[in-house]
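Below: the structure, in structure tokens.
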Ligand SMILES: [Cu+2]
């Protein structure tokens, strides 16, 4: 039910073999080099040499335990590289030669670096000297020195999920999902310690700095707006209404556009960072998760976790140019950077006078249900990334019914896997009958900060 095996393809055994060899030799995820080698070796057409120059995009396939490699020149999947269970975070070095992947279901990064239980999101600084890993299960941020490829420091942060590093490399903001203590933790990377906090009333999801460092965009579970934080004041200075359940916010490299995916409607929104307004949206796939872009900012790549594809979007035209099937549950994505000296004299960004009309609507009046009391019926509502009532008390033999009122899927998963709903689609329900007295804790497997308890009493 949970993990659909991918369809084996001809290149896979060879990939595995090469992968093992690489692993034993280097103990490091030199994906770019491997992909190039494998592609030439397994396909070997005369076109191979010509295509080798096109940047690759790397996509973490959460349900396939693999990284897919896309040639952005042809928009085809070149190969799929197995990695340990649950690829979650993904970053690429500025030279484009190394991809670091964290494995949620394991305790490793880049195959060989043990960072602690359930690493989630990652970030790399601009110089490429430092990778940060949000080690959710250990409540630590691990700092990896990329010369030694070793963890050189661990900074305590409650249930860290995603991380943004300031463009100057001095500071990191960490989305801390600790239940009851949602915040952005501010880390001084030279001092290797936490120096501040931005308390939040909702759980932070994903965050990113503008290229000039003047703004930090952040999304929150249960808010349909992108939060704009001023890092000088460390407070929210604007909210940009977008589609339901926004996840990854992103900027094109020159800062001309902000982008964000909304998982409910399955769309990508284009934001004018100067005015904090949405200037257009485009439909992508189901449950879009993450965004990457070409170095020139013309092309955006969006992973669609719910439709197992990557959308290739022309940013200027706000149009989907291609949809690439990539494997099961793609989440994070990175694209190899191109350092194009020939583009140094590029004209300054023009004013987007002909921008399409605003298509995002103002956020609907959020109907917050009053904290529901357990009425013995066993009904649990899933809304705004929370289970209500969170602790529910029932008598033995009661069937507990979870109904998902959010715009995106959630799960109800027993702590010891006594039950696992798999994704409960919006508007649908899942039932479990509890016969034995006891206290059963559970969480959403997709958003582990969503927690609840079923107390079965006599
Ligand atoms: Cu969830």
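The values are calculated or read from the model by the stated rules, or taken from the named source; none is laboratory data. Remember, predicted model here, so these are calculated numbers, not experimental data. When we count neighbours, we look across all protein chains shown, and the Cβ atoms used for this are built from the backbone with ideal geometry, even at glycine.
For residue 179, the stated conditions hold: it is in contact (Cβ under 8 Å) with a residue 60 or more places away in the chain, out of contact with any helix residue (DSSP H, G or I) (no Cβ under 7 Å at 6 or more places or on another chain) and part of a loop (DSSP other than H, G, I, E, B). Can you tell me which of 206, 172, 181, 190 is in the same structural domain as residue 276 (by TED's automatic domain parsing), under 18 Å from the mean Cα position of the chain (by Cα) and over 17 Å from residue 247 (Cα atoms)? None of the other options fit; the residue is 172.
Kindly indicate whether residue 324 is part of a strand (DSSP E or B), under 25 Å from residue 73 (Cβ atoms) and in contact (Cβ under 8 Å) with a residue 60 or more places away in the chain. Lay out the reasoning, then the answer.
Working: part of a strand (DSSP E or B): yes; under 25 Å from residue 73 (Cβ atoms): yes; in contact (Cβ under 8 Å) with a residue 60 or more places away in the chain: yes.
Answer is yes for this residue.
Apart from one condition, residue 239 fits all of (1) part of a loop (DSSP other than H, G, I, E, B); (2) modelled with pLDDT of 95 or more; (3) surrounded by fewer than 20 Cβ atoms within 10 Å (Cβ to Cβ); the exception is (1). Every condition in (1) more than 29 Å from residue 176 (Cα to Cα); (2) within 9 Å of the ligand (Cβ to nearest atom) is met by residue 394 except one, and the failing one is (2). Would you mind stating whether residue 219 is within 29 Å of residue 443 (Cβ to Cβ), modelled with pLDDT of 95 or more and assigned by TED's automatic domain parsing to the domain that holds residue 124? Against the criterion (within 29 Å of residue 443 (Cβ to Cβ), modelled with pLDDT of 95 or more and assigned by TED's automatic domain parsing to the domain that holds residue 124), residue 219 qualifies. Applying the condition of being assigned to a loop (DSSP other than H, G, I, E, B) and on the phi > 0 side of the Ramachandran plot to segment 412-458 and asking which residue is nearest to the ligand (Cβ to nearest atom) yields 422.
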